[in-house]
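Any read-out appearing in this document is the output of simple, stated calculations on the displayed coordinates, not a laboratory observation. What you see is a predicted model; the values in this text were computed from it and never measured.
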Amino acid sequence: MDNYRRFLTGLAVSACLLLPALLQAKTGIRCYVPQAPEIDLGGFKRLAVQNFSGAGSDDIKTGKFLTSRLIYYLTHSGLKIPTSQSRDSFVKTPVKTYIKLDSGCAFQVLDRVRLYQEFSRQWSDLSTLEPELAIEIGEIFDIECIIYGSCKVASKRNKNLNTHSDYGKGGQVVSYQAWCFINEVALTVTFCLVDARTGEKINEKTLNRFAKEEVCDDENRYLIPINQMVEKLADSAARELAEFIYPRFEIEDFELEDLKITGHREEIKAAFGAIENGEPDKALTVFEQLRASFPDHPALLYNLGVLCEITGQIELACRYYARAIAEKDKRKYREALARCEKRVDFSHFYNNDD
């Protein structure tokens, strides 16, 4: 019966999947919130990207192309809200986010031409970067992180005389031979991130990509050229490298505290009703008005923290959680503060802070 009531409640939700504990006066919110990126840059926003190096001419050409695509994804992709729906066993309402994403770029990337013109002699071996040089680059251009790496391309062309079968007149199976042409490409990319303030390497990754195309004489299509295959692999690698340092949205559940304040039952009821209707901003306004009269109420402070966190006001959420702990030391409050503090370093991805 309880599951059925949850199912009916979930169907009424439009903006976020809300799971109220119906037999108690508590409300839970399930929505998408940003999580830390796979490679944590510690809040760095200003980057320099050097052309990826290579041993041969094809490697160098591919490295330049990959670098241009990486810069594009770093400055244009940003944080994306997932479009997938919740797989909750009872409620099929899509899970959404309350965070309003800024349309600005998450990263500021230094023009690599300027970097080359200034340091082409000192940085002749692009496959490595000395700490002293990294610090000097950081100081001159006021950047926090340097990205560089290398590419290695391997390709080959083959052709085989293959026997094919088809149905001829009268439904008889007819065998014939046809030349089949094969292009194979392998790409290895090494990706390094260096702290431009200390010269220390933050992280290093290696990506391997492989593609194969085959076309036979009896097929009505053309064989994709090797250079196009290489560019497609390089573009894929650049996108993945950018995704390593972008935060990602994941579904998370938040539970608000039961709130009882004498003489303010209707305001509190309206606030929780707004939450259930997918309007946390309205609830936030009501709770902030109550805080003016009850500045030390721990449950109120905690609920303010939750609503600020899910709407992207991370630093303010941390302050509310800390105030709640000061008034009442609860494990839930401490866990919320620890979770929120981890989000501070990458909150600029959706707040576009300077």
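Numbers for the structure displayed
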read-out: Over 20 Å (Cα to Cα) - which of Lys282/Lys328; Lys260/Lys282; Lys64/Lys232 fall in this group; value: Lys282/Lys328
read-out: Cross-link table Lys269/Lys342; Lys205/Lys342; Lys45/Lys330; Lys61/Lys205; Lys45/Lys269, entries beyond 30 Å C-alpha to C-alpha; value: Lys269/Lys342; Lys45/Lys330; Lys45/Lys269
